[in-house]
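First up is the structure itself, then whatever we jot down about it.
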Amino acid sequence: MNEAKNQTYIEMGEKAVSGTYGRYPICFQSGKGMYLKDVEGKTYLDFVAGIAVNALGHGDAKYAEVLKEQALELVHVSNLYWNEANIKLAETLNKVSGLNKAFFCNSGAEANEAALKFARIYGEDKRGEIITMSNSFHGRTMGALTLTGQTKYQKSFAPLLGGVQYVPFNDAQALKASITDQTVAIMLEVIQGEGGIVEIEAAFSHEVKAICKEKDILLIVDEVQTGIGRTGTYFGFQNYGLKPDIVSCAKGLGGGFPIGATLVSEKVAQKLYPSCHASTFGGTALASAAANYVLGEIQKRELLAHVQEMGAYLTEQLQHLKSKYPAILDIRGKGLIQGIQIDDGLPTGKIVENAMTKGLLLVGAGHQVIRFVPPLIVQKGHVDEMIGILSEVLETLK
């Protein structure tokens, strides 16, 4: 084993790759199931999953075979034409979401850009204002960045787009006060991911539904992180009694292959027209084949029920951990998107770094929150292993 390999690749990367990421000093080489291996041969238990992307874990042989077979048959033809894999994917997404039409792109940010444009098309130049939530995160392209209710991400990029208001999440009074005759849509995440794993409250959900119905305001739900089975249902909104008009998804949809989608209700679909929006690589045959495999495996392996079971077990084990360590202030989330809030006296960065040295990958979310978004194939033994390592780290740092 060459123990200088990580550093060698890091030095090469720092010279060749733009400095837009703050990276940990690891270069990964391979993965299998719940585990990753770096270039020096060290193994890590992965509770990050590419930030809620690798739904089926790493090294799925059938997934690789599906991509190979599709690549040999057809990769890309442009959206001037139809392709069979993409039509099948649209049908499946419409069926499991309850929406009517699908637009395809390459990422969550692009899916939210489409959502923004589709809402304004619906407004027909008479209404164009969108209300979004403080502490939300919707992406880093300019439209998605404007929709994001966190100034730390918007620094250096003024002026942002106009026509976007921010209201405190779960504050029904503030939401009602912000509605004007220009409001065309309300946008939210049912669980704020980057905002610290904060769930929508029942009273707020009810108010959103009532406002949208009364005033013909569209409801946009960003399911980029919560969609594709992560909460134990196909989409997170299905847990909260909401019926959105536009849903964005990405991350877990392709199981690691880049693909995003914006799903729309019939009343939105009726307003769309050729050339109103497009994406060269949106819904390629190869990306669609990857997503079809992921959705097929979710059904075949009964992963929705599995996520519910593992989510309950994860919550239970985190509760035990909280009872032992006063630094854990709160446990949040649902299914396999959960988080623990840590006392300000114990920086989460230290916890993440110390866990990494012990072979566990974790990621932060918002202020002093550690997020748990493992592959959907996680088992109780993996949860136990994670809790054991995290307990060792907290014991050392307390």
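The values are calculated or read from the model by the stated rules, or taken from the named source; none is laboratory data. Computed from a predicted structure; not experimentally measured. All Cβ positions, even for glycine, are placed from backbone atoms using ideal geometry, and neighbour counts span all protein chains on display.
Results, tabulated for the structure shown:
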| item | result |
| --- | --- |
| Candidate set: region 314-362, residues that are touching a helix residue (DSSP H, G or I) at 6+ places or on another chain (Cβ under 7 Å) and part of a strand (DSSP E or B); chosen: the one farthest from Leu397 (Cα to Cα) | Lys334 |
| Filtered residue count, region 150-185, keeping only those that are farther than 21 Å from Gly366 by Cα and out of contact with any helix residue (DSSP H, G or I) (no Cβ under 6 Å at 6 or more places or on another chain) | 15 |
| Members of region 206-223 found to be part of a loop (DSSP other than H, G, I, E, B) and either closer than 18 Å to Phe372 by Cβ or over 19 Å from the mean Cα position of the chain (by Cα) (or both), listed by number | Asp216, Ile217 |
| Selection count, region 323-378, where residues are in contact (Cβ under 8 Å) with a residue 24 or more places away in the chain and among the polar types (S, T, N, Q) | 4 |
| All positions within region 169-196 that are over 21 Å from the mean Cα position of the chain (by Cα) and over 22 Å from Ala114 (Cα atoms) | Asp171, Ala172, Gln173, Ala174, Leu175, Lys176, Ala177, Ser178, Ile179, Thr180, Asp181 |
| Hey, Leu390 farther than 20 Å from Gln225 by Cβ and either acidic (Asp, Glu) or not assigned by TED's automatic domain parsing to the domain that holds Phe235 (or both) or not | yes |
| Verdict on Gln154 being polar (S, T, N, Q) and over 29 Å from Thr280 (Cβ atoms) | no |
| For Ala278: the one exception among (1) aliphatic (A, V, I, L, M); (2) outside any strand (DSSP E or B); (3) under 20 Å from the mean Cα position of the chain (by Cα) | (3) |
| Pairs, first over 15 Å from Leu360 (Cβ atoms) and modelled with pLDDT of 95 or more in region 14-38, second crowded, with 16+ Cβ neighbours inside 10 Å and aromatic (Phe, Trp, Tyr), C-beta under 6 Å, six or more apart | Cys27/Tyr9 |
| Qualifying residue in region 224-245 (condition: at negative phi and in a strand (DSSP E or B)) | no |
